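Please read the structure below before turning to the comments.
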Amino acid sequence: MYTKKLILASGSPRRNELLGLLGVPFTKRPAKIDERKHESESPREYVERMASEKGSANVIGEDEVVLSADTIVELDGLVLGKPSDERDAGRILKLLRGRTHHVFTALSLHLGEGKTVLSDISQTLVTMREYSDSEINDYISRGEYADKAGGYAIQDPLFHPVREIRGCYSNVMGLPLCHLYRLFKQAGISMDVEIAGVCQRYNDITCEVYPSIVIENNYESNI
């Protein structure tokens, strides 16, 4: 039996909800780090470093496993992070409008003090619809843009900003569940859950990509 304590190094309500779908008990220990991007880093290198540093920001006990994650939006090589305020949110949403961008989420699993670190990354292509300035303003007025990479929530029932995605839906929410399931299996963390079905029911979607991710004994990244 796996007896280590699982720690989520994030204060994100969405990651908290999504992680709960795997049925593994956990506690939260949000990490604070310097999230500035290095000039020489590619978007992928940046998100992978952020996930790793969040996981190692606090002391990890021998009996603990720390899960950390970071999500970014990349548009034509430009990393669009979390909006700093309403004005910034409007600027970002107008940049994304009607265009296709990438969403990367990097996962890092720290297996105790001084032990192995497992990692994975998910990428989704997202095409936004041609929403109006008025719709942007209404969305921003509800405060839903805060603490979200790219300033939007794919699951928002009123704004519904996304026209089409190619890849993992929960990745755009901030926690790619099939990738995480795969990572937990590597670490020997047992889960009594059929993750693809659980994710689709929770998000009310039909997913076509999970077979390429959740394949027994196949832990290659789908990127």
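The values are calculated or read from the model by the stated rules, or taken from the named source; none is laboratory data. Just so it is clear, the model here is predicted, and its values are computed rather than measured. Using ideal geometry, Cβ is built from the backbone for each residue, glycine included, and neighbour counts are taken over all protein chains shown.
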query: Looking at region 124-137, is at least one residue of a type in the set (S, T, N, Q), more than 14 Å from Leu18 (Cα to Cα), outside any loop (DSSP other than H, G, I, E, B) and in contact with a Gly (Cβ under 7 Å, 6 or more places away or on another chain)?
result: yes
message: Go through (1) within 20 Å of His102 (Cα to Cα); (2) surrounded by fewer than 21 Cβ atoms within 10 Å (Cβ to Cβ) for Pro157 and report which single condition fails.
response: (1)
task: Name every residue in region 65-82 that is surrounded by fewer than 19 Cβ atoms within 10 Å (Cβ to Cβ) and in a strand (DSSP E or B), in order of residue number.
output: Leu75, Leu78, Val79
- prompt: Does any residue in region 157-184 that is within 23 Å of Leu22 (Cα to Cα) and among the small types (Gly, Ala, Ser) come within less than 6 Å, Cβ to Cβ, of a residue that is at pLDDT 95 or above and in a loop (DSSP other than H, G, I, E, B) six or more places away or on a different chain, and which pairs are these?
  reply: Ser170/Pro176
- line: Flagged in region 87-132 as β-branched (Val, Ile, Thr), over 28 Å from Gly188 (Cα atoms) and in contact with a His (Cβ under 9 Å, 6 or more places away or on another chain), in numbering order, are Val126, Thr127
- prompt: Is it true that some residue in region 141-153 is in contact with a His (Cβ under 9 Å, 6 or more places away or on another chain) and surrounded by 13 or more Cβ atoms within 10 Å (Cβ to Cβ)?
  reply: yes
- request: Kindly list, by first and then second residue, each pair from a residue in region 39-63 that is closer than 12 Å to Gly77 by Cα to a residue that is in a helix (DSSP H, G or I), limited to pairs with Cβ atoms under 9 Å and residues at least 6 apart or on different chains.
  value: Glu41/Arg49
task: Scan region 28-48 for residues that are touching a strand residue (DSSP E or B) at 6+ places or on another chain (Cβ under 8 Å), within 21 Å of His110 (Cβ to Cβ) and in a helix (DSSP H, G or I) and jot them down.
output: Arg44, Tyr46, Val47, Glu48
- request: From (1) at pLDDT 95 or above; (2) more than 16 Å from the chain's Cα centre (by Cα), pick out the condition that doesn't hold for Ser56.
  value: (1)
Those residues of region 166-201 which are surrounded by fewer than 19 Cβ atoms within 10 Å (Cβ to Cβ) and over 27 Å from Leu111 (Cβ atoms), in sequence order: Arg166, Gly197, Gln200, Arg201
